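What follows is a short report on a single structure.
The values are calculated or read from the model by the stated rules, or taken from the named source; none is laboratory data. Small disclaimer: the values here were computed from a predicted structure and weren't measured. As a convention, Cβ positions derive from the backbone with ideal geometry for all residues, glycine included, and neighbour counts pool all protein chains shown. With ligands, DNA and RNA removed, areas are computed over all heavy atoms of the protein, side chains included. Shrake-Rupley method; radii C 1.70, N 1.55, O 1.52, S 1.80 Å.
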Amino acid sequence: MKIVALAGGVGGAKLAHGLAQILPPEDLTVIVNTGDDFEHLGLTICPDLDTVCYTLAGLANPETGWGRQNETWNVISNIERLGGPNWFRLGDQDLATHLERTRRLKEGKSLSQVTREFCEAWGIKQTVTPMSDSPVRTIVDTDEGELAFQEYFVHRHCEPRVKGFRFDGIEGAQPTVGADEALEAADAVVICPSNPWVSIDPILRVLALTPSPLPEGEGHKFDKPVVAVSPIIGGKTVKGPAAKMYAELGIEPSALAVAEHYRNLLTGFVLDSQDRQLSDKFKKGKILVTDTLMNSSADRARLAKDVLHFVGSLL
Ligand code: FO1
């Protein structure tokens, strides 16, 4: 069964890793959000792409989920000592990725080409592709004005109240060839438990799969099963600010709000066992209730197996 997984950072990377443990490598393509990308210290940083790749390669920091395991911090400490910006913690090994990516991009390579080359070097057999080769930058509209995504997320610790989002560059952004081909060949799409607003919406917009900003009923009718795994459990986000964003936008944070967010795109929705009581209220497709917390590698594989079984029942 050929699967396209749509992923943001840590939550998305964990389920992608679970899927990678079950599916043959040629059957999994992960299309990754690049709205979180930014230019920092003269480098092009792609946090979600790196998180997915490091996780699939077994190189990710197990405590944070982002960055590298067994990291050292010599460069950032010395930048700090010189009075440079230290709010975005770039480790020494991680910096090598950003330096080399920036060099190859400056040579004229596309982000998808560089990602392919890195995946090969890291021994990743699955296909990982950015959603687009043209830059898309998420801008968060807050009560303090517009903030670039990492400025809001890391520098300001998601403290300003969110009023909305926009994605600079999204109008002209085409999906990568890898994303297009994988979508064409896929039997189903799995939306990983990533932030719907800032991780998944940009991907859906670029792939033209999005019903989200359109009025009910006007979404693009995609002819393959689409299954989303809720990143919200018991009204709280496992990691990151999705629940806070829902609340600030006047929507009660819950798994149901996530399902509503994706509207008529969904064929199936995966709810955590803690939210079992919500399953009757879900009217837009089939429901799978299972344990969705991924605290270990075995949890990731078990959830992936459950999701794939569920997807299989929808084909
Ligand atoms: N997240 C933080 O909360 N603080 C950091 O200093 C930080 C550094 C960082 C470095 C490289 C990288 O690939 C990711 C990093 N992240 C950091 C995570 C990242 O910015 C966010 O988790 C994602 O953009 C949200 O998906």
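Some observations on this one:
- Residue within the stretch 11-32 that is within 13 Å of the ligand (Cβ to nearest atom), in contact (Cβ under 8 Å) with a residue 24 or more places away in the chain, of a type outside the set (A, V, I, L, M, F, W, C) and outside any helix (DSSP H, G or I) present: no
- Any hit, the stretch 168-184, residues being in contact with a strand residue (DSSP E or B) (Cβ under 9 Å, 6 or more places away or on another chain), open to solvent by less than 30 Å² (accessible area, probe 1.4 Å), within 16 Å of the ligand (Cβ to nearest atom) and closer than 28 Å to Q113 by Cα: no
- Selection status of R116, away from the ligand (no atom under 16 Å from the Cβ) and open to solvent by 60 Å² or more (accessible area, probe 1.4 Å): yes
- Restricted to the stretch 108-185, the set of strands (runs of 3 or more DSSP E) holding at least 1 residues that are under 23 Å from V4 (Cα atoms) comprises 127-130, 137-142, 162-168.
- For the stretch 38-52, taking the residues that are within 12 Å of G12 (Cβ to Cβ) and not charged (D, E, K, R), the one that is nearest to the ligand (Cβ to nearest atom) is identified as P47.
- With respect to being without any contact (Cβ under 8 Å) to a residue 12 or more places away in the chain and either more than 23 Å from the chain's Cα centre (by Cα) or within 24 Å of A16 (Cβ to Cβ) (or both), N74 falls outside the description.
- Yes/no for P202 being farther than 27 Å from K305 by Cβ and buried (at least 18 other Cβ atoms within 10 Å of the Cβ): yes
Listed here are the residues, each with its yes/no results for (1) outside any helix (DSSP H, G or I); (2) under 19 Å from the mean Cα position of the chain (by Cα).
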position: D223; (1), (2): yes, no
position: A228; (1), (2): yes, yes
position: K239; (1), (2): yes, yes
position: G250; (1), (2): yes, no
position: Q274; (1), (2): no, no
position: D280; (1), (2): no, no
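- Considered as a group, the residues in the stretch 67-106 that are aliphatic (A, V, I, L, M) and away from the ligand (no atom under 11 Å from the Cβ) include one that is most open to solvent (accessible area, probe 1.4 Å), and that residue is L82.
- Of all residues in the stretch 119-140, those that are within 16 Å of F38 (Cα to Cα) and open to solvent by 40 Å² or more (accessible area, probe 1.4 Å) total 4.
- Filtered residues of the stretch 289-315 (kept if in contact (Cβ under 8 Å) with a residue 60 or more places away in the chain and over 19 Å from the mean Cα position of the chain (by Cα)): R302, K305, F310, V311, G312, L314, L315
- Within the stretch 47-63, being surrounded by fewer than 23 Cβ atoms within 10 Å (Cβ to Cβ) and touching a helix residue (DSSP H, G or I) at 6+ places or on another chain (Cβ under 9 Å) holds for A57, G58, L59, N61.
- Leading residue by the ranking (nearest to A304 (Cα to Cα)) among those in the stretch 53-66 that are in contact (Cβ under 8 Å) with a residue 60 or more places away in the chain and more than 11 Å from the ligand (Cβ to nearest atom): L56
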